[in-house]
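Values quoted throughout were computed directly from the atomic coordinates according to the rules given, and no laboratory measurement underlies them. Keep in mind it's a predicted model, so treat the numbers as computed, not measured. Positions of Cβ are generated from backbone atoms using ideal geometry, with glycine treated the same way; all protein chains shown enter the neighbour counts.
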Amino acid sequence: MTVIANKCPEIKVEVVDINPTRIAQWNDEDLDNLPVYEPGLAELIAETRGRNLFFSTDVDRAIQEADMIFISVNTPTKTYGKGKGQAADLKYIELCARSIAKAATSDKIVVEKSTLPVRTAAAIKNILDNTSSGVQFEILSNPEFLAEGTAITDLVEADRILIGGDETPSGIAARNALSAIYEHWLPKEKILQTNVWSSELSKLVANAFLAQRVSSINAISALCEKTDADVDEVAKAIGLDSRIGPKFLKASVGFGGSCFQKDILNLVYIAKSYGLQEVADYWEQVILLNDYQKKRFAEHIISTLYNTVSGKKIAFYGWAFKKDTNDTREAAAIYVADALIEEHAHITVYDPKVKKEQMLADLNYLGTRSAEENEKYLSVVNSAYEASQDAHAIAVLTEWDEFVDLNWSDIYQAMMKPAFVFDGRRILDDQQLNSIGFKVYKIGQS
Ligand code: UDX
């Protein structure tokens with residue numbers, strides 16, 4: 001919405017939420033207190049907030065005033081009932097649709113921005129048509145393809161914009177109205193109009209294909225560790241084939257984030273519910289391989305540290321699911337920490353953007369042990385150097401740029417010997433580290 005406000009000065013954009021704390025954070029004078037860290041976002045907000053971008057809790061008024069409403073609530077994986085652990089929880093979407101139906105007094109275009117299972121637009125339309133009084137709603141699907149950490153550039157230089165809507169005259173008019181917004185900064189050829197179902201499904205499929213690439217290269221990373229092949233060399237060699245392409249072939253400790261796992265599980269659930277068990281199994285394997293990769297990394301740390309990490313200090317460099325974000329949802333670090341704490345290791349984390357409360361909340365959410373116990377085993381410090389003090393090992397869980405240029409000789413001095421480094425992101429110069437005296441393990445290299 002910030003990018004839309006920035007690119008379309010004549011459009012008034014209002015972001016509303018029922019959570020007053022959230023809205024207060026978005027309105028905070030001090031831009032360091034914005035609830036989301038994203039490179040370039042604070043600068044854009046500084047330019048547009050109070051001009052044509054507003055944040056408020058006055059949901060009903062905003063609904064009444066709007067011509068177009070974007071539903072952008074979260075759709076977590078269900079933790080209860082039918083489809084538990086796989087299906088998307090549509091509770092928030094439904095509540096949203098109901099509040100729109102209740103408050104609207106004029107015709108609206110309603111845009112699904114949240115990632116949803118196929119055919120959700122129909123459900124939204126049903127609720128809107130049956131609960132409102134005579135107001136016309138046009139539902140569009142407009143999935144978001146931005147990635148965290150590069151959100152602003154991904155939006156400004158989007159590969160494509162997808163708009164799904166009905167083929168009826170009013171549906172086409174609504175599609176064109178939404179397209180006109182994006183045409184402020186993108187050429188028309190990049191704005192694809194489809195039917196609603198294709199649009200909804202494409203979002204899930206795009207994420208499934210991306211995650212599949214990561215799982216594929218991670219599967220090969222395990223094989224490289226058993227042979228003399230180097231996974232980056234293999235990735236480069238295959239990526240130069242223009243049919244394969246070079247992106248999303250970086251072996252890692254496992255993918256995380258709010259989308260990949262959730263969307264694949266969703267796809268698996270949908271396939272199963274249509275009786276397509278083989279299709280479901282095929283995509284589920286992408287997740288299973290990812291779980292294996294995280295487990296494999298933790299087990300490798302344990303076996304290398306002479307099969308016991310009990311009472312040992314292990315420094316975690318990074319907690320976020322990738323660099324340039326403070327988001328930790330499904331971060332590999334959570335699962336690796338959990339496995340090591342099971343073996344009574346003491347984890348000391350340094351992440352430039354993630355707060356201790358978040359890390360503890362992530363661990364507590366797994367429910368493996370009590371909150372008190374998690375607090376006993378997890379410490380959080382303010383620098384990479386502090387984390388390495390008296391540590392038996394360092395594990396790189398997030399590829400923050402600052403880890404590359406640390407003074408690794410100082411770190412070596414501060415650590416217990418032998419000093420181990422487990423590079424789960426393949427960002428460190430292993431030859432340099434070896435020459436300092438470190439024992440280095442890099443995922444995807446024997
Ligand atoms: C993803 C999609 O990229 C985006 O289009 C969609 O809108 C939302 O989901 P995001 O979750 O923000 O975006 O991050 P992404 O950059 O895709 O990375 C996901 C995970 O895969 C991260 O943990 C990342 O570290 C990992 N990854 C990515 C790899 O391990 N190797 C790679 O080569 C690429």
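As a test, work out the antiparallel percent of DSSP beta bridges whose residues both lie in the chain, rounded to the nearest 5.
If we restrict to bridges inside the chain, about 5 percent are antiparallel.
Of the options 246, 271, 314, report the single residue whose Cα projects farthest towards the positive end of the charge dipole of region 243-337 (beta-carbon charges: Lys, Arg +1; Asp, Glu -1).
Result: 314.
Let me have the 222 nm mean residue ellipticity of the chain computed from DSSP H runs of 4+ only, each contributing -39500 (n - 2.57), with the sum over all residues rounded to the nearest 500.
That calculation yields -14000 deg cm²/dmol at 222 nm.
Which entries in the list 236/295; 247/353; 108/353; 84/226 go over 32 Å, if you measure between the two C-alpha atoms of each?
The pairs that break the limit, which is 32 Å between Cα atoms, are 108/353; 84/226.
Could you give the length gained on full extension between residue 409 and residue 233, defined as 0.36 nm per residue of separation minus the Cα-Cα distance, in nm?
Length gained, residue 409 through residue 233: 60.6 nm.
When the chain is fully extended, how far beyond the present Cα-Cα distance does residue 342 get from residue 198, taking 0.36 nm per residue of separation?
47.4 nm
Once the Cβ-Cβ distance between residue 295 and residue 52 is put in as r, and R0 is 56 Å, what FRET efficiency do you end up with, to the nearest 0.05?
0.70
Take every Cα pair under 8 Å in region 129-171 that's 6+ residues apart, average their separations, divide by the length, and report that relative contact order as a whole percent.
Taking the mean separation of contacting Cα pairs over the length of region 129-171, I get 43 percent.
Based on DSSP, what percent of beta bridges with both residues in region 1-159 are antiparallel, to the nearest 5?
Of all bridge pairs located within region 1-159, approximately 5 percent are antiparallel.
So how much slack lies between residue 82 and residue 41, counting 0.36 nm per residue of separation and subtracting their Cα-Cα distance, in nm?
10.9 nm
Can you compute 3J(HN,Hα) from phi for each residue in region 424-429, using the Karplus curve 6.51 cos²θ - 1.76 cosθ + 1.60 with θ = phi - 60°, rounded to whole Hz and x for Gly and Pro?
Ordered by residue, 3J(HN,Hα) equals x, 10, 6, 10, 8, 8 Hz.
What percent antiparallel are the DSSP beta bridges of region 104-195, to the nearest 5?
Within region 104-195, antiparallel bridges account for around 10 percent of the total.
Explain nothing, just the number: dipole magnitude of the chain about its Cα centre with +1 on each Lys and Arg Cβ and -1 on each Asp and Glu Cβ, in debye rounded to the nearest 20.
Charge dipole, the chain, about its Cα centre: 960 debye, nearest 20.
Going down the list 203/323; 203/442; 78/312; 294/376, which pairs span over 25 Å between their C-alpha atoms?
With Cα atoms farther than 25 Å apart: 203/442; 78/312.
Using Cα atoms only, what is the angle between the long axis of helix 120-131 and the major principal axis of the chain, expressed in degrees (0 to 90) to the nearest 10?
40
Treating the beta-carbon of each Lys and Arg as +1 and of each Asp and Glu as -1, no other charges, what is the dipole magnitude of region 65-183 about its Cα centre, to the nearest 20 debye?
In debye, rounded to 20, region 65-183 gives about 700.
Please report the equivalent ellipsoid semi-axes of region 1-93, computed as sqrt(5 x eigenvalue) of the Cα gyration tensor, largest first, in whole Å.
28, 17, 13
Any idea which of 121, 45, 1 is furthest toward the positive side of the dipole for region 1-132, if Lys and Arg beta-carbons carry +1 and Asp and Glu beta-carbons -1?
121
Would you mind checking the radius of gyration and Dmax of the chain based on alpha-carbon positions, in Å?
23.7, 75
Per residue of region 439-446, what does 6.51 cos²θ - 1.76 cosθ + 1.60 with θ = phi - 60° give for ³J(HN,Hα)? Whole Hz please, x for Gly and Pro, Karplus curve as stated.
9, 10, 10, 10, 4, x, 9, 6
Helix 332-342 against the longest principal axis of the chain: what's the angle in degrees, Cα atoms only, rounded to the nearest 10?
The answer is roughly 50 degrees.
Report, in degrees rounded to the nearest 10, the 0 to 90 angle that the Cα long axis of helix 91-103 makes with the longest principal axis of the chain.
With both axes taken from Cα atoms, the answer is about 30 degrees.
Going by Cα centres, region 40-88 and region 389-428 are how many Å apart?
A separation of 39 Å, based on Cα centres.
Below 8 Å between Cα atoms, with a sequence gap of 6+, how large is the relative contact order for the chain in percent?
It rounds to 12 percent for the chain.
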